[in-house]
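The values are calculated or read from the model by the stated rules, or taken from the named source; none is laboratory data. Everything numeric here is computed off the predicted structure, so don't read it as measured data. Cβ: placed from backbone, ideal geometry, glycine included. Neighbour counts: every protein chain shown. Note: accessible area is taken over every heavy atom of the protein model, side chains too, but ligands, DNA and RNA are not part of it. Shrake-Rupley method; radii C 1.70, N 1.55, O 1.52, S 1.80 Å.
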There are 2 protein chains.
Amino acid sequence: MQTRGTREDDAIMAKAPTVYDVAERARVSIASVSRVLRNPDSVKEQTRERVLEAVRHLGYVPSANARGLAARRTNVIGLFFPGHDDVTGSDGRLVAASGGVTVVRDDATGDPETHNYYFDEVLRGAEIEAWRRGFALMVAAGRGASREAIVNDIAGRVDGLAVLARTVPDELLAHVARRIPVVVLAATRGTDEFDHVSVNNAPGMQAITEHVLSTGARRLMYIAGPEDSPDDRERLEGFRAAVDRVDGVTVELVRGDFSRVRGREIALGIEAMPEAIVCANDQTALGVLDAMGRRSISVPDDVMVTGFDGIAAGRHSTPRLTTVHQPMVELGRAAIQALTARLDDPALDAQSLVLPVQVVLRDSCP
Amino acid sequence: MQTRGTREDDAIMAKAPTVYDVAERARVSIASVSRVLRNPDSVKEQTRERVLEAVRHLGYVPSANARGLAARRTNVIGLFFPGHDDVTGSDGRLVAASGGVTVVRDDATGDPETHNYYFDEVLRGAEIEAWRRGFALMVAAGRGASREAIVNDIAGRVDGLAVLARTVPDELLAHVARRIPVVVLAATRGTDEFDHVSVNNAPGMQAITEHVLSTGARRLMYIAGPEDSPDDRERLEGFRAAVDRVDGVTVELVRGDFSRVRGREIALGIEAMPEAIVCANDQTALGVLDAMGRRSISVPDDVMVTGFDGIAAGRHSTPRLTTVHQPMVELGRAAIQALTARLDDPALDAQSLVLPVQVVLRDSCP
DNA sequence: AGCCCAACTGTAAGCGCATACAGTTGTGCC
DNA sequence: GGCACAACTGTATGCGCTTACAGTTGGGCT
C-alpha cells in the first residue's frame with residue numbers, strides 16, 4: 001500500500017500514533033520500538049532501521065505521560081517564583097490591529113519598569129542546567145489566590161521543585177516535599193529540612209559598606225527592602241556589622257520595597273542629604289539615581305550611591321552603579337544541581353549552599 | 001490503626017501515595033477520590049471531607065502523568081526559543097566558597113551584556129497567559145546539536161508548542177506538528193500551515209524612519225541585523241519604504257548582528273558621520289550610544305539614533321533612546337491564545353496575527 | 001548432527017488515574 | 001408500604017509506555 005507523502009502529511013492529526021502503530025508498521029513488537037528509542041544498541045541494526053522508518057513515516061512522538069508513568073519519573077524539574085502581577089490586559093482579549101502604528105512621546109514621567117530582572121537570570125541558569133542534565137524545566141509564578149492549586153499542580157508534574165524563598169506557605173511546601181525534593185532559593189537554612197541555595201548577602205553588604213566608609217563618609221542612609229525578605233534581613237545585618245566597627249557613623253534607616261519607584265520617591269524626599277546612600281538592591285539604587293538626576297545633585301560628588309544585585313541596567317546607568325554582584329544565573333544552576341543531587345541520593349543530608357558575591361566598583365561610589 | 005502524625009510526617013517519601021492509598025484511608029473507592037479532586041460537587045460533603053482529610057494526612061499529590069495519560073491531554077504548553085549559549089561554567093561544577101567576597105573594579109571596558117531581554121519578556125507573557133488558562137508552561141532553549149532530541153522530548157510532553165521563528169528546522173517542526181499544534185512567533189506566515197504571531201515590523205520601522213526624515217535629516221545610516229532574521233528583513237523593508245518616498249536621501253547600509261557590541265564597533269568605526277543612524281534593534285542602538293559617548297559626539301545634536309524593540313534599558317540610557325516599542329509580553333500571550341484557540345477547535349484555519357507597535361519618541365531623536 | 005550460549009525479540013504485567021456504566025441508597029408520592 | 005427516580009458510589013477498563021522474564025534464532029563447538 002503505497003501512500004503519497006502529501007496525503008498523510010496534511011492530515012489534521014486524526015489521532016496521534018502510538019508505539020502500537022509503529023510496531024505494526026515495522027513488523028516488530030512494541031517492546032522493540034521502546035528499545036529502539038531508549039536503548040538503540042540493544043536492537044539489531046536492520047530492525048532499528050525499520051522502526052525508525054516507521055517513526056518518521058507516522059510522525060510518531062512518544063508520550064511523555066505514558067513514559068513517565070511507566071518509568072516512575074517525569075524528568076521534569078519545576079521552578080516556582082513570585083508572580084509578576086498580571087497587570088497587562090486583564091481581560092485578556094487581544095485585538096489584531098494589523099497596520100496599526102501609534103506614536104507616543106515618552107518624557108520619562110511615566111511608570112517605571114516593574115520588571116524584576118533577578119528572576120529572569122535565575123530562570124536562565126535553571127533552564128541551562130536542567131536541560132544539560134536531561135531534565136525539562138517547568139516554570140510557574142505565584143498567583144495570589146490560586147497559589148495552592150498551582151503548586152500542587154506543578155508538584156504532580158515534576159521530579160523536583162525549586163522555590164524562591166517566601167513564595168510558598170510553609171505548610172504547602174511541607175505537603176509537597178513529602179512527594180518530591182524541594183530546594184529553597186535565596187534563603188539560608190532555618191529549621192526546615194529542605195536544601196537551600198543562597199548568596200553571601202551579609203558579607204557582601206558588609207564589604208561594600210566598608211568601602212563606602214573607607215572614603216571617609218560618616219553620615220549614611222540605608223534604604224532597606226521589605227521586612228519579610230530574608231535577603232533583605234541579611235543585607236541589613238551586613239550593613240550594621242560594617243557600621244558598628246567604625247566610630248562616629250550616623251545612620252538613617254528607611255524602609256523601601258526593592259522597587260525603583262520607591263527608591264526614587266524616597267530620594268526625592270530627602271532633605272538633609274547624607275554623604276552616602278546604601279541601598280538594599282539595585283532597583284532601589286537606580287531609583288535614587290533617577291531622583292538625584294532630577295534634583296541636579298551630583299553622584300558621587302554630592303552623595304554616593306550603592307546597590308546590590310548586579311543587574312545589567314546598573315552597568316549602563318548614569319552614573320554607572322557601584323554594587324554587589326550576586327551570581328543570579330549560578331543561583332538557578334545551583335538549585336538544579338542540588339535537586340539532581342538529591343534525586344540521585346535521597347538520603348543525602350540537607351545542604352545549604354552559599355554562593356560568593358563580588359563587590360563591583362563603578363562610578364556612583366568609586 | 002491509629003498513627004501518630006509525626007510518624008508519617010517526617011517519613012522520607014518512602015513511596016508517594018496514590019489514589020488507592022487515599023481511597024483506602026477514606027474508606028471509599030478510587031473513583032470517589034478522583035471525583036473529589038476533579039469535580040467536588042458530585043460527591044456528598046461528608047465523603048468529600050473524609051477524602052480531603054486523607055489527602056492531607058498522606059501528603060497526596062496526584063500524578064500528572066497518570067492523569068494526563070487517562071485524560072489524553074497534558075495541560076502543558078511548551079515554549080521553545082533560541083538558546084542562550086551556555087557560556088558560563090562550562091564544566092558545571094560550582095564551588096561553595098562561603099565567606100568569599102571579592103572586589104573588582106569595572107571600568108566599562110569589559111564584555112557587554114550578552115543577554116537578550118526580548119525572550120524574557122515573551123516568556124513572561126507566555127507564562128502569565130498559560131497559567132491563566134489552566135496550562136502549565138514548559139520552557140526549552142535550542143541547544144545546537146541536541147536540538148532535535150529536545151524538541152521531540154518537549155513535543156511529547158505538551159498539548160501545544162510555541163516556537164520562535166528560525167529556531168527549529170522545518171522538517172523537525174513538521175514532524176512535531178503532526179502530533180500537536182504549533183505556533184510560530186515573530187514571523188509572518190509563509191507557505192507553512194502553522195499559526196503565526198508577529199509584530200508590525202515594517203510599518204513600525206517605516207513610521208520611525210519617517211519621523212527621522214521629518215526632522216530634515218537626509219544622510220542616513222541603517223544598521224541591520226542578521227540576514228536570516230525575518231524580523232530584520234521586514235524592518236529593512238519598512239525603512240526602505242520610508243526612504244523611497246523622499247527625494248535626496250542617501251543611505252549607507254551596514255550589516256550588524258542585533259548585538260550591543262557590534263553596534264558599538266560599527267559606530268566607533270564611522271568616519272563620515274551621518275545625520276541619523278537607524279538601528280534594526282535596541283541593543284545595536286545602545287551600542288551606538290556607547291560609542292558616541294566615548295567619541296564625545298553629541299546625540300541627538302550631532303547625530304540622531306533610533307532603535308527598535310522597546311527594551312527597558314532604552315528608557316534609562318544616555319540619552320534616552322527613541323525607538324519602536326513592540327509588545328513582547330503580548331507576543332507571548334498571543335502565542336498561548338492562538339494555541340489554546342486551536343486546541344479548542346483543531347479545524348480552525350491557520351491564522352496569522354500581527355500585533356501593533358508604537359513609536360516612542362525620546363531624547364536620542366526627539 | 002547435536003548442544004550451548006549469546007544475541008535478539010516477544011509477552012505480559014503493571015504504572016496511577018479518569019470515566020462509562022452499573023450498582024446502591026435515600027426521598028417523595030400515591 | 002411500595003414504587004420511581006434522584007443522588008451518590010463502586011467496578012472495571014484502558015490511556016501508551018517500560019521492563020522483567022520468557023521465548024526464539026543462529027553460530028561456534030564438539
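Beta bridges per DSSP, both residues in the protein assembly as shown: antiparallel share near 10 percent. Per residue of B:320-333, other chain Cβ atoms within 10 Å of the residue Cβ number 2 on average. Neighbours of B:VAL163 by Cβ distance under 15 Å: Lys/Arg scored +1, Asp/Glu scored -1, total -1.
Computed with a 1.4 Å probe on the full set of protein chains, the accessible area for A:THR318 sits at about 90 Å². Shortest first, B:MET273 label-point distances to identical copies amount to 3.1 nm, with the label point at 7 Å from Cα along Cα→Cβ. Hydrodynamic analysis of the protein assembly as shown uses the Kirkwood radius over alpha carbon pairs. Inserted into Stokes-Einstein at 25 °C and 0.890 mPa s, it gives a translational diffusion coefficient of 88 µm²/s. Rolling a 1.4 Å probe over the protein heavy atoms gives segment B:16-62 an accessible area of 57 Å² per residue. A simple charge model with +1 on the Cβ of Lys and Arg, -1 on the Cβ of Asp and Glu and nothing else charged puts the dipole of segment A:201-325 at about 320 debye relative to its Cα centre.
Shielding of peptide A:349-356 by partners, expressed as the average count of other chain Cβ atoms within 10 Å per residue Cβ, is 3. If you model segment B:13-56 as an ellipsoid using its alpha carbon gyration tensor, with each semi-axis the square root of five times an eigenvalue, the axes come out at 18, 10, 9 Å, biggest first.
Counting only heavy atoms of protein chains, what accessible area per residue, in Å², does segment A:201-325 have with a probe of 1.4 Å?
About 38 Å² of surface per residue is accessible.
Backbone geometry of segment B:39-48 corresponds, through the Karplus equation with coefficients 6.51, -1.76 and 1.60 at θ = phi - 60°, to 3J(HN,Hα) couplings of 8, x, 5, 7, 10, 4, 3, 4, 5, 4 Hz, x marking Gly and Pro. For chain A, a crude dipole built from +1 on the beta carbon of Lys and Arg and -1 on the beta carbon of Asp and Glu, taken about the Cα centre, is about 1580 debye to the nearest 20.
Taking amide H as placed 1.01 Å from N in the peptide plane, B:ARG320 has its amide H under 5 Å from the amide H of B:ASP363, B:SER364, each at least 5 places away in sequence or on another chain.
In a reduced charge model with +1 at each Lys and Arg Cβ and -1 at each Asp and Glu Cβ, the protein assembly as shown shows a dipole moment near 2360 debye about its Cα centre.
3J(HN,Hα) along segment A:243-255: 5, 5, 8, 10, 7, x, 9, 10, 10, 10, 9, 10, 9 Hz, from the Karplus curve 6.51 cos²θ - 1.76 cosθ + 1.60 with θ = phi - 60°, whole Hz, x for Gly and Pro. For the protein assembly as shown, build the charge dipole from Cβ charges (+1 Lys, Arg; -1 Asp, Glu) around the Cα centre, then report which of B:TYR117, B:ILE150, A:ALA31 sits farthest towards its positive end. The residue sitting most towards the positive pole is A:ALA31. The shape of segment B:219-366 can be summarised by an equivalent ellipsoid whose semi-axes, obtained from the alpha carbon gyration tensor, come to 32, 17, 13 Å from longest to shortest.
Excluding ligands, DNA and RNA and using a 1.4 Å probe, chains A and B jointly bury around 9000 Å² of accessible surface, summed across both partners. Across B:ASP107, B:ASP247, A:ASP153, the residue with the most accessible area heads the list, and the full order at a 1.4 Å probe is B:ASP247, B:ASP107, A:ASP153. Distances between copies of A:SER29, taken at a point 7 Å out from Cα along the Cα→Cβ vector and listed shortest first: 3.4 nm. Distances between placed amide hydrogens fall under 5 Å for B:GLY78 paired with B:MET138, B:ASP159, B:GLY160, B:LEU161, B:ALA162, all partners being 5 or more residues away or on another chain.
Of A:TYR117, B:TYR20, the residue with the largest accessible area leads and the full order is B:TYR20, A:TYR117 (1.4 Å probe).
Going by alpha carbons, how many degrees (0 to 90, nearest 10) lie between the helix axis of A:201-214 and the longest principal axis of chain A? So the inclination is approximately 30 degrees. To put it simply, the accessible area of chain B at a 1.4 Å probe is 49 percent carbon and sulfur. The residues packed around B:LYS15, meaning those with a beta-carbon under 11 Å from its beta-carbon, carry a net charge of +2 if Lys and Arg are +1 and Asp and Glu are -1.
Summarise the partner chain shielding of A:52-65 as one whole number: the mean count of Cβ atoms from other chains within 10 Å of each residue's Cβ.
Per residue, the average neighbour count from other chains is 5.
Principal axis extents of the Cα atoms in chain B, from largest to smallest and rounded to whole angstrom, are 90, 60, 38.
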